[in-house]
Each structure stands twice: as C-alpha cells, then as structure tokens.
Amino acid sequence: MSPELKAKLKDLPDSPGIYQFKNEKGKVIYVGKALNLKNRVRSYFHGSVDSPKTIALVSKIEDLELIVTDNEIEALVLENNLIKEFKPRYNVNLKDDKSFPYIKVTNEPFPRIFPTRRIIKDGSKYFGPFTEVKYMKSSLRMINQIFKIRSCSLNITDEAIEKKKFKVCLDFHIGKCDGPCEGLISAKEYSDMVSQVVKLLKGKTDDLINELNAKMQTLVDNLEFEKAAELRDKIDQLKAISAKQKVVSDDFEDRDVITTAYEGKDSACSIFNIRNGKLVGKKQLHLGIEMNEEIEEIITSAIKFYYNELVDIPDEILLEKPPNDEGALSEWLQIKGGHKVKFVVPQRGDLKSLINMCKQNSIYQLKEIQMQKMKHEGHIPYPVAALQRDLRLKELPKRIECFDISNLQGTDTVASMVVFEDGKPKKSQYRKYIIKSVDGPDDFQSMREVITRRYTKLKEEDISLPDLIMVDGGKGQLSSAIEVLDQLGYNKYNIIGLAKRLEEVFFPGNSDPESIPKTSSGLKLLQHVRDEAHRFAITFHRNRRSKRTIKTELTDIKGIGPSTAEMLLKELGSLAAVKNADKDTLKKLIGKKKTDILLQHYSNNNLSNG
C-alpha cells in the first residue's frame with residue numbers, strides 16, 4: 001500500500017458518498033457507494049476479507065478518490081452514472097452498451113408515436129427500454145393497426161389548421177388517419193385516442209377494454225351507431241391481444257419479476273413485466289461480472305441499470321434473492337416512481353412459480369450468450385472453454401481421457417477409459433482393461449496398472465498425451481496416476497482427480513481439494529465424463545461377472561453348453577432361480593432332454609450334500 005493511500009485512509013469522512021478505487025495507471029477499477037465512507041472504505045483493507053473478488057481488487061488498489069454527497073440516495077444515483085461512464089473492471093457492467101430503443105409519444109397538440117434511441121426532456125413520454133427490437137416493432141405495428149395515429153411530422157397548430165396550410169395525405173384516404181392536419185378530428189378526441197395508446201403501452205389492456213365498452217354503450221344510447229361500430233372493432237382487436245397475454249397471477253397486481261443466471265464473467269438477467277396479473281412484456285440484460293461475483297450484487301446492479309432508465313415502476317418487485325442496500329434502493333425507486341415500492345422474495349406458491357419461470361428464461365438467455373461466444377471463438381463448445389477457465393489450463397482441454405476402476409468385494413476388477421473430444425464422447429476410442437496384477441480391492445494399485453498400460457503404449461507409438469487426464473477418485477488415485485506418469489518420463493501433462501462425494505477437484509501438488517462453482521458448464525462436463533467412465537466400467541464388470549458365473553456353475557454340467565446357460569440366466573434372472581425352477585418351466589425353455597440332465601445334476605448334488 002502506497003504512503004499516499006495510507007494517508008487518505010486515515011482522513012476518511014463519516015459522510016455518505018462515492019469512493020473510486022484506482023490502479024497504478026490511475027484507471028478507475030471499482031466504484032462504490034457508502035452511507036459512511038470511513039467505515040465502508042476501511043473494511044476493504046481488513047484482514048478478515050475472504051471474498052476472492054475483493055482480495056483481487058484490493059491487491060490492485062493504488063489510489064482512492066472520494067465524492068461526498070448529502071445522502072445515500074444521491075450517492076446511489078451518482079454511483080450508477082459513474083459505473084456507466086468508467087465501466088470499472090470490478091463492478092457489474094451492462095455489456096449491451098448501445099442505447100436501447102424506446103417508443104416515444106411526443107408532447108404536441110396532436111402527438112406522434114415512433115421509435116427512438118434519444119431521450120430528450122421535452123415533456124414527451126417514453127416507453128421501454130426494448131432490449132429486443134422485434135418486441136418494439138411488434139408493439140408499434142399493433143398500435144398502427146388499432147389506432148389512427150398520424151405518421152407525418154407536420155407541425156400541426158391551430159393557426160396552421162385555420163389557414164388550411166396542410167392537406168390530408170394517403171393515410172387519411174385509406175382510413176389510417178383521421179386528418180388532424182385539416183382539423184377533421186379535434187385535439188380533445190385525438191388526445192383521448194393517444195391516452196388509450198398509453199394505457200395499452202403500460203399493459204393496461206383490460207382497463208382499456210372496459211373504458212371503451214362504456215364509451216361504446218354511450219354512443220349506442222345516443223344513436224351514434226357508426227362510431228359505436230368503430231369502437232366495437234377496436235375492442236375486438238384489443239380482446240385478441242389480451243387473450244394472447246399470459247395470465248400468471250390471479251390477484252391482478254402490477255409487479256416486475258427479476259432473476260439472473262451467471263457463469264464465469266457473464267450474467268443474463270430476465271425481467272418480466274406483469275400488469276393486472278398478465279405477462280405483458282419481457283426484457284433482457286446482459287451483464288459483465290467478475291469471477292465469484294455474489295448473486296445479490298448482480299441483482300442489485302440489474303435493478304440499478306434497469307430502473308435508471310425511463311421505465312414504468314410497479315408497486316412490487318419479485319426477486320430470487322434480496323438485493324444489497326435494500327432500503328436505499330426502495331427509497332430511490334419510490335422517488336422515481338412516485339409511490340412506495342416493495343421487494344418480495346417468495347418462498348412458495350404462485351409467486352415462487354413466477355420466479356422459477358423467469359429463472360428458466362435467464363438460463364436460456366445465458367446459453368444463448370455462451371453460444372454466441374462459441375461462434376466468435378471458432379465453434380469451441382462453451383463447456384470446454386469453461387473447463388479451461390475453471391481448471392486454469394493454458395490450453396483448451398479438447399481431448400479428455402478419464403479412468404474408472406470397478407470391482408465387487410475385490411473380485412473381477414476391471415477399469416474403463418472413456419474419451420471426450422470437444423466436449424462430446426468418442427465411443428470408438430473407449431477402452432476396457434482387465435486388472436491383472438492386483439489381488440483384492442486395491443483401487444490405488446489398479447489405477448497404477450491401467451495408467452501404466454495406457455501411457456506406456458502411447459509412448460511406444462509416439463502419440464501425444466491428451467489435453468486432460470482425469471481419474472475418478474480422490475487424492476490417492478490421483479497420486480498413483482501421477483507417480484506412473486513421472487516414472488514413464490512425462491514432464492508436461494494436465495491431470496486431475498474428481499471426488500464423487502462433494503464433486504471436489506484434486507490438483508497435483510495440492511493436498512486440499514478445490515471446488516468449481518455448481519452452476520459452471522465446466523463442472524457439468526467433468527460430471528458427464530466421470531459418469532460415462534463409471535457407466536462403462538460397471539457394464540464391463542457386470543458382463544465379466546455374468547460370464548464367470550455361467551462358466552463355473554452351469555457350463556460345468558455335461559450336456560449344458562454356454563448358449564443354453566446364458567439363455568437360462570437371461571430368462572430366469574439368476575442361478576438360484578434356475579435351481580428352483582419347476583420341470584415344466586425348464587422344458588419350455590430348453591427341452592426335455594436338457595431338463596432331465598439339469599434336474600439329475602442338482603438331484604445328485606443335493607444327495608451328496610445331504
């Protein structure tokens with residue numbers, strides 16, 4: 001720690017504010033907020049810090065800059081703006097740094113409605129952001145089908161209408177506009193129509209239908225049947241839209257649901273917009289994170305990024321985990337939305353089901369992000385790249401060979417080797433081994449034998465080692481394999497042991513195992529490889545044991561061959577069942593002659609035993 005930084009840490013204020021950590025080059029690497037800057041900043045430099053991310057961050061801090069604010073809410077807003085500006089490495093960052101489009105309702109006597117990426121504080125209303133352009137285009141198409149909103153950019157004023165400055169265009173003649181440019185619709189009627197569009201954009205479809213039904217009834221009572229018919233058609237279109245909106249809760253509340261899925265340095269966040277109990281919108285955020293990021297921090301950042309935009313803030317936000325700084329976030333949202341906002345972490349029931357549904361979307365989105373990365377990196381399967389990251393390998397583990405030992409009380413010990421290339425099993429290269437040099441149940445010695453046989457052969461044939469060697473087991477099996485490889489003269493190889501019980505990974509030279517994040521695609525690939533090796537070994541062992549049973553028990557009977565013995569065991573299930581089978585059952589299976597031989601054999605044995 002530099003003397004300058006030590007001096008700054010001594011003179012920290014007790015005020016709320018923002019702190020910026022900088023590296024040796026003066027670049028901002030982390031921005032944080034605090035209710036008490038002295039307590040928060042000093043906490044990073046205590047010996048009790050155990051977060052890997054925080055340890056890595058602190059090791060790179062060379063300087064500190066503070067901005068004191070009047071309160072925590074001001075600090076929160078400033079923190080968000082600074083993160084967007086500097087994109088510090090150790091903060092959660094929005095990867096989609098391009099501006100998202102909005103639907104704009106202009107502040108004019110006859111408002112226009114169109115897409116935009118620029119937000120201008122001119123009194124206009126903005127709806128969005130739309131993280132997927134196709135949903136925005138779909139919304140605009142729906143609006144244009146139902147409502148007669150003008151598409152021109154004319155400056156329509158009372159003076160312009162009086163002077164008949166403009167003439168109606170083709171939209172009027174084909175029934176897509178009511179001609180406000182010539183005063184054919186009043187500003188009041190046009191404004192009412194725009195208010196209806198706003199309700200639709202806010203997801204209040206059912207409220208709008210009820211409002212239009214009441215207006216239609218008034219028109220019917222006033223014998224204005226032509227206008228009533230237009231409203232009827234509009235209501236029918238809105239009902240079709242409402243029917244497509246998925247009902248997800250029966251309490252008709254307005255709420256957002258936010259979940260995240262993350263792995264490595266990527267996090268996908270899904271946001272469901274529920275209005276009147278119906279799912280009316282879905283947003284996606286791609287967040288860049290550091291390794292070992294806490295899920296609470298990711299959720300907190302997602303809330304800040306999303307609601308910092310011009311979005312409709314509901315009364316309730318459902319989350320899978322409570323955010324950090326819950327009180328400050330709630331107060332900030334209350335100021336932005338003009339009403340109280342409640343965070344809810346449901347544990348069961350319909351609301352928990354909503355969280356689960358949203359979570360599945362986050363997982364799907366994360367896989368999409370990983371697929372895009374895979375294409376960008378030359379079609380390398382993402383689990384392979386994730387495994388390289390998790391195991392800190394210099395090269396991609398494109399070829400993996402995994403070994404497993406199988407025996408029953410030390411008998412018929414066998415081993416299997418399975419091969420995975422580019423994350424997929426290569427079954428044509430699987431190998432089976434009958435353990436020859438080991439008596440009794442000794443997995444360490446058995447592993448030593450199979451590793452010796454496999455890699456002695458590779459050395460003789462001048463074939464390179466696989467990118468990763470994996471043994472199913474803990475420290476003992478790994479040590480046995482390493483000892484053999486060293487004796488064979490190999491000095492550069494990658495090898496690990498995967499323990500079954502806690503899915504812990506053992507590395508050479510480390511007595512303690514390490515854990516890979518449970519959500520990692522790399523761990524899932526290791527589990528797949530290990531399970532496949534185990535399945536292959538078990539299958540081989542069972543076949544060996546079955547053949548030995550046939551040979552020693554049934555084929556010793558003169559007149560009973562291997563095919564007959566195998567058929568009996570297959571049909572009856574076991575040797576005991578064969579011994580206890582009645583004469584009629586045996587005759588149906590092997591005929592009278594062989595049945596008599598079998599019964600005579602077991603009859604003589606019983607007499608001799610008696």
Exercise for review: Of all residues in the stretch 33-52, count the ones that are more than 16 Å from ASN71 (Cβ to Cβ) and touching a Phe, Trp or Tyr at 6+ places or on another chain (Cβ under 7 Å).
Suggested key: 1
Practice item. From (1) more than 29 Å from the chain's Cα centre (by Cα); (2) of a type in the set (Val, Ile, Thr); (3) over 30 Å from ILE335 (Cα atoms), pick out the condition that doesn't hold for ILE73. Key: (3)
Check your understanding: When you go through (1) modelled with pLDDT of 80 or more; (2) closer than 18 Å to GLY288 by Cβ; (3) surrounded by fewer than 17 Cβ atoms within 10 Å (Cβ to Cβ) one by one for LEU94, which number turns out not to apply?
Key -> (3)
Check your understanding: Can you name the residue in the stretch 305-326 that is touching a residue at least 24 places away in the same chain (Cβ under 8 Å) and part of a helix (DSSP H, G or I) and is also farthest from LYS204 (Cα to Cα) among such residues?
Key -> PHE305
Revision key, fill the gap. Filtering helices (runs of 4 or more DSSP H) wholly in the stretch 1-108 for at least 2 residues that are within 24 Å of ILE299 (Cα to Cα) gives 37-43, 52-59, 72-86
Exercise for review: Looking only at the stretch 255-302, count how many residues are in contact with a Phe, Trp or Tyr (Cβ under 6 Å, 6 or more places away or on another chain) and of a type in the set (Phe, Trp, Tyr).
Suggested key: 0
Review point. Do you know which residues across the stretch 477-521 are part of a helix (DSSP H, G or I) and of a type outside the set (S, T, N, Q)?
Key: LEU478, ALA481, ILE482, GLU483, VAL484, LEU485, ASP486
Check your understanding: Among the listed residues PRO115, PRO109, which satisfies the condition of being surrounded by fewer than 19 Cβ atoms within 10 Å (Cβ to Cβ), out of contact with any strand residue (DSSP E or B) (no Cβ under 9 Å at 6 or more places or on another chain), over 17 Å from VAL280 (Cα atoms) and assigned by TED's automatic domain parsing to the domain that holds VAL194?
Key -> PRO109
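Considering the stretch 269-304 alone, what residues qualify as being assigned to a strand (DSSP E or B) and under 18 Å from the mean Cα position of the chain (by Cα)?
Our first condition is that a residue be assigned to a strand (DSSP E or B); within the stretch 269-304, this holds for 269-275, 278-288.
Scanning the stretch 269-304 gives CYS269, SER270, ILE271, PHE272, LYS282, LYS283, GLN284, LEU285, HIS286, LEU287, GLY288.
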Review point. All but one of (1) on the phi > 0 side of the Ramachandran plot; (2) over 21 Å from the mean Cα position of the chain (by Cα); (3) surrounded by 14 or more Cβ atoms within 10 Å (Cβ to Cβ) hold for GLY423; which doesn't?
Key: (2)
Check your understanding: In the stretch 198-227, which residues are of a type in the set (A, V, I, L, M) and within 35 Å of the chain's Cα centre (by Cα)?
Key -> VAL198, LEU200, LEU201
Review point. Take the residues of the stretch 417-448 that are of a type in the set (Asp, Glu) and out of contact with any Lys or Arg (no Cβ under 7 Å at 6 or more places or on another chain): which is modelled with the highest pLDDT?
Key: ASP443
Review point. Is it true that GLU461 is at pLDDT 90 or above and among the acidic types (Asp, Glu)?
Key: no
Exercise for review: Please work out if ASP350 is surrounded by fewer than 16 Cβ atoms within 10 Å (Cβ to Cβ) and in contact with a His (Cβ under 8 Å, 6 or more places away or on another chain).
Suggested key: no
Review point. Condition test on SER437, is it surrounded by fewer than 17 Cβ atoms within 10 Å (Cβ to Cβ) and either in contact with a Cys (Cβ under 8 Å, 6 or more places away or on another chain) or not assigned by TED's automatic domain parsing to the domain that holds ALA302 (or both)?
Key: yes
Review point. In this structure, does LYS432 turn out to be in the same structural domain as SER479 (by TED's automatic domain parsing), of a type in the set (Lys, Arg) and not in a helix (DSSP H, G or I)?
Key: yes
Point to revise | So LEU589, is it at pLDDT 85 or above and farther than 23 Å from ARG542 by Cα | key: yes
Revision key, fill the gap. Pairing a residue in the stretch 243-262 that is under 20 Å from LYS321 (Cα atoms) with any residue that is modelled with pLDDT under 65 and not aliphatic (A, V, I, L, M), where Cβ atoms lie under 8 Å and the two sit 6 or more apart in sequence or on different chains, gives ARG255/SER249
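The values are calculated or read from the model by the stated rules, or taken from the named source; none is laboratory data. Nothing here was measured: the structure is a model prediction, and the numbers come from that model. Cβ: placed from backbone, ideal geometry, glycine included. Neighbour counts: every protein chain shown.
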